[in-house]
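Trainee: Right, I'll just put the structure down here and ask away after.
The values are calculated or read from the model by the stated rules, or taken from the named source; none is laboratory data. Quantities reported herein were computed from a predicted structural model and do not represent experimental measurements. Cβ placement follows ideal geometry from the backbone for every residue including glycine, while neighbour counts extend to all protein chains displayed.
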Amino acid sequence: MLFAGILSHCTHDPLTPLEEAPVMSFKDDVQPLIISNCTQAGCHGLNGREFQLITYDDIVAKVSAGKPHSSKLYKVITANALGAMPPKPNPHMTDTEIKTIYLWIAQGATNN
């Protein structure tokens, strides 16, 4: 029962130490998540309302390399308020998707 309580209080920070976590690839892991979650329906695609999130340069402009909790991208995908992204009625990212982005930022947000 205690284990279930721990899971329900889950944060998006991985439990595995950073040095033991798999290396996240921008091209293979992060970019596909951002494109599938953030560029739909005129949000942050080619005709984005505010800004685009398509290329590495677009995305890295919204992160603080090595500091997920200081990164705008991480803050908006983990928010529970009106500013949470993606906006309703779109589903929020899964815990696994958020952890992937967290790890990529924590590992330096490299263009790999």
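Trainee: Do the conditions hold for Ile54, that is, is it more than 29 Å from Pro17 (Cα to Cα), of a type in the set (A, V, I, L, M) and either touching a Ser or Thr at 6+ places or on another chain (Cβ under 8 Å) or surrounded by 12 or more Cβ atoms within 10 Å (Cβ to Cβ) (or both)?
Mentor: Values: more than 29 Å from Pro17 (Cα to Cα): yes; of a type in the set (A, V, I, L, M): yes; either touching a Ser or Thr at 6+ places or on another chain (Cβ under 8 Å) or surrounded by 12 or more Cβ atoms within 10 Å (Cβ to Cβ) (or both): yes.
Against the criterion (more than 29 Å from Pro17 (Cα to Cα), of a type in the set (A, V, I, L, M) and either touching a Ser or Thr at 6+ places or on another chain (Cβ under 8 Å) or surrounded by 12 or more Cβ atoms within 10 Å (Cβ to Cβ) (or both)), Ile54 qualifies.
Trainee: Regarding Ser36, is this residue at pLDDT 95 or above and surrounded by 12 or more Cβ atoms within 10 Å (Cβ to Cβ)? Show your work before the answer.
Mentor: Values: at pLDDT 95 or above: no; surrounded by 12 or more Cβ atoms within 10 Å (Cβ to Cβ): yes.
Answer is no for this residue.
Trainee: Can you name the condition, by its number, that His44 falls short on among (1) modelled with pLDDT of 85 or more; (2) in contact with a Phe, Trp or Tyr (Cβ under 9 Å, 6 or more places away or on another chain); (3) not hydroxyl-bearing (Ser, Thr, Tyr)?
Mentor: (1)
Trainee: Exactly one of these conditions fails for Lys62: (1) surrounded by 13 or more Cβ atoms within 10 Å (Cβ to Cβ); (2) at pLDDT below 85; (3) basic (Lys, Arg). Give me its number.
Mentor: Evaluating Lys62 over (1) surrounded by 13 or more Cβ atoms within 10 Å (Cβ to Cβ); (2) at pLDDT below 85; (3) basic (Lys, Arg) leaves (2) as the failure.
Trainee: Go through region 55-106 and give me each residue that's assigned to a helix (DSSP H, G or I) and free of Cβ contacts under 8 Å to residues at least 24 places away in the same chain. Working first, answer last.
Mentor: The initial filter retains those residues of region 55-106 that are assigned to a helix (DSSP H, G or I), namely 56-60, 68-70, 72-78, 95-106.
Result: Asp57, Asp58, His69, Ser70, Lys72, Lys75, Val76, Thr96.
Trainee: Another question about this same structure. So how many residues does region 18-31 have that are without any contact (Cβ under 8 Å) to a residue 40 or more places away in the chain and either of a type in the set (Lys, Arg) or loosely packed, with under 14 Cβ neighbours inside 10 Å (or both)?
Mentor: As a first pass, look at region 18-31 and keep what is without any contact (Cβ under 8 Å) to a residue 40 or more places away in the chain: 19-20, 28, 31.
Subsequent filtering for residues that are either of a type in the set (Lys, Arg) or loosely packed, with under 14 Cβ neighbours inside 10 Å (or both) retains 19-20, 28.
The qualifying residues number 3.
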